[in-house]
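Student: The structure is given below, and queries will be raised subsequently.
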Amino acid sequence: MEKYTLYKTEIEGRYREIEIYPKSSSVNEYLIHWDGFEVGTIQKRDEKWFTNSVDLLPVVNEIGEFIDAHGVST
């Protein structure tokens, strides 16, 4: 699985390094880590980004826009 480092930015009042791992088992689904810890997954359905992770809810669209802009894929 290839790793993509998104950026370092302030999330929830702390600087975080965000990494995106495309999941090979599902199209348009990505495992998100920050600061070396798994936070959850995001998935694109019908041109909209979704997550079940409470930690990712505030930033799911920002991360999704990055994926759309940079063509992150498996």
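Student: Which of the GluC sites (Glu not before Pro) across region 15-66 are loop residues per DSSP, with 10 or fewer other Cβ within 10 Å?
Tutor: Those that pass, being in a loop and sparsely packed, are Glu47.
Student: On the full set of protein chains, 1.4 Å probe, figure out the accessible area of His70 and give it in Å² to the nearest 10.
Tutor: Spelled out: His70, probe radius 1.4 Å, area about 120 Å².
The values are calculated or read from the model by the stated rules, or taken from the named source; none is laboratory data. Nothing here was measured: the structure is a model prediction, and the numbers come from that model. FYI the Cβ positions are ideal-geometry reconstructions off the backbone, even for glycines, and counts take in every protein chain you see. For accessibility, only protein heavy atoms count, side chains too; no ligands or nucleic acids. Shrake-Rupley method; radii C 1.70, N 1.55, O 1.52, S 1.80 Å.
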